[in-house]
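So the structure is just underneath, and the comments pick up after that.
No lab work stands behind these numbers, since they all come straight from the coordinates. Since the model is a prediction, treat every value here as computed from it, not as a measurement. Glycine also receives a Cβ, built like all others from the backbone with ideal geometry; neighbour counts cover every protein chain displayed.
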Amino acid sequence: MLDERTDGTRAEQPASADRRAPVHSHAHSHSHGGPLDIGPAERRRVRALLAAIVVPLAALTLVALIVLWPKGETPVGSRPLSDKGVEYVKGKITSVGQTDKNGQTPVKMRVSGVEVPVHVPAEIVANGLEPGDEILAMFYPKALESGVVYIFQDFVRTGPMLALLLLYVVAVILVARIKGLMALIGLGVSLGVVGAFMIPALTVSSHPVMVVLVASAAMMFASIYLAHGVSIRTTTAVLGTFSGLLITTGLAWWAVETSNLTGALSEEARNLRTPIPGIDLQALLLGGIILAGLGALNDVTITQVSTVWELHAANPRLARRRLFLQGMAVGRDHIASTVYTLAFAYVGTAITLLLSASIIQRPTLELLQLGEIAEEIVRTLVASVGLVLAIPLTTAVAAMLAPVAPGGQTGAREPAGERESPRRPDALGRGAPADGRPPAARAKRGAHAAQDAPADDDAHG
């Protein structure tokens with residue numbers, strides 16, 4: 001700063017006279033704007049603490065997988081697809097005739113170069129059957145007297161579904177690159193846990209809820225650590241997800257018991273009683289509710305941890321309380337979207353059920369209390385509550401751990417010569433205030449201003 005002397009000349013005063021000193025000169029103070037002084041010893045203690053929590057959880061999950069792994073034969077694949085003498089063939093629809101007064105529509109398909117008639121239900125004909133469609137039909141010799149021995153079973157969807165899968169994989173890898181590839185591998189491992197462990201174990205285990213919890217924990221570790229690597233950051237997300245999973249389990253248990261949900265009302269559930277005698281359908285419903293919230297839990301916990309980490313990287317001087325508050329600003333947006341995300345997903349899957357139930361004349365409150373509809377409502381509410389509570393829990397843990405993570409001090413000041421500042425003049429003095437000061441004095445003030453710029457940003461952050 002320049003001061004007016006009595007003789008009319010100007011004298012330069014220390015830059016600190018009209019503005020605060022550079023932040024690094026008082027980094028030891030207790031100001032909430034100062035950088036967190038985290039030493040290597042504290043980081044080692046944090047790693048040890050996290051390892052003491054997560055390693056036993058992972059080990060317990062592995063031991064439970066071994067103990068609950070189905071031994072010997074299971075009912076999976078034990079029932080033949082069709083009776084003896086019946087076989088399935090693929091054919092391509094060649095013609096769809098006019099529907100007669102009895103609701104029957106003549107349909108023909110080509111099988112091994114031969115055109116044959118095939119019986120197709122009226123609802124399938126009315127909802128999209130066209131020449132050129134490839135279908136799966138059952139060859140039933142006992143129906144020879146009727147003249148139609150081929151009966152429609154389903155459409156062949158191999159080509160479109162493979163194309164959609166390829167598009168999905170390519171889109172994920174192009175946008176997310178290596179992290180997207182690792183996420184896909186994690187998804188594959190998780191689906192492997194479902195197919196190799198959870199489904200077979202549910203057919204023979206007397207503890208279906210425990211099977212689902214162990215499978216969920218295994219999928220959580222695989223999906224998070226494979227996609228994002230092993231670090232304090234991802235371990236924070238694991239802790240948040242596990243906390244949300246425990247909340248969801250407790251709340252689901254209470255809701256199923258108090259609402260008297262049996263899980264035995266759907267046709268699929270009733271069909272399980274014959275091949276799997278003694279199956280606990282209520283426990284199976286409970287396990288399904290827990291599993292339904294796992295994917296969304298992974299989503300919100302990873303997002304919240306990443307948000308807090310990026311806030312800290314952008315401004316390492318933020319105190320933990322400020323990290324939490326700013327992280328929750330994003331978290332509240334996430335909660336607001338989550339409120340309807342799960343609801344819309346479940347309404348979409350249950351739209352046929354809702355339509356069929358709404359045809360009957362009954363009060364709306366009674367409609368919502370119908371067993372199958374109540375199951376979907378409870379599933380939605382339980383998963384949503386688990387997600388909402390997991391967000392502040394995860395954000396709080398992330399705010400505590402972000403400053404001590406390796407690279408937590410990466411937001412250190414850049415050299416003044418590498419940082420842009422609107423107050424820094426160029427070699428000709430352009431860009432400096434028009435106060436009549438010499439270019440050298442203005443350049444000196446510009447250098448000091450550039451050094452203080454991060455502190456100003458923090459003060460307004």
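Rounded if a/c is under 1.5, else prolate if a/b beats b/c, else oblate: with a ≥ b ≥ c from the C-alpha gyration tensor eigenvalues square-rooted, which is the stretch 133-212? Oblate shape, in that a/c is at least 1.5 and b/c is the bigger or equal ratio. As a length-normalised measure over Cα pairs under 8 Å and 6 or more apart, the relative contact order of the stretch 155-284 settles at 24 percent.
Lys and Arg at +1, Asp and Glu at -1: add these up for the other residues within a Cβ distance under 14 Å of Phe155 and post the number. Local net charge: -2. For the pair Val55 and Glu366 in one chain, pulling the backbone fully straight at 0.36 nm per residue adds 107.2 nm over the alpha carbon distance. Shown in residue order for the stretch 363-372 are the 3J(HN,Hα) couplings computed by the Karplus curve 6.51 cos²θ - 1.76 cosθ + 1.60 at θ = phi - 60°: x, 4, 4, 5, 4, 6, 9, 4, x, 5 Hz (x for Gly and Pro). Applying the Karplus relation 6.51 cos²θ - 1.76 cosθ + 1.60 with θ = phi - 60° to the stretch 347-358 yields 3J(HN,Hα) values of 4, x, 6, 9, 4, 5, 4, 5, 5, 5, 6, 6 Hz, where x marks Gly and Pro. With a cut-off of at most 14 other beta carbons within 10 Å, and DSSP calling the residue loop, which trypsin sites (Lys or Arg not before Pro) in the stretch 118-220 qualify? Please list them. Those that pass, being in a loop and sparsely packed, are Arg157.
3J(HN,Hα) along the stretch 111-120, derived from phi through the Karplus expression 6.51 cos²θ - 1.76 cosθ + 1.60 where θ = phi - 60°, amounts to 10, 6, x, 10, 8, 9, x, 9, 7, 10 Hz, with x in place of Gly and Pro.
Peptides 248-254, 296-302, 112-118, 188-194 ranked from most to least packed give 296-302, 248-254, 188-194, 112-118, packing being the mean of other C-beta atoms within 10 angstrom over each peptide's residues.
What the Cβ-Cβ distance of Ala264 and Glu42 gives, at R0 = 56 Å and to the nearest 0.05, is a FRET efficiency of 0.55. Put a dot 7 Å past the Cα of Asn271, heading toward its Cβ, do the same for Glu73, and the two dots end up 2.3 nm apart.
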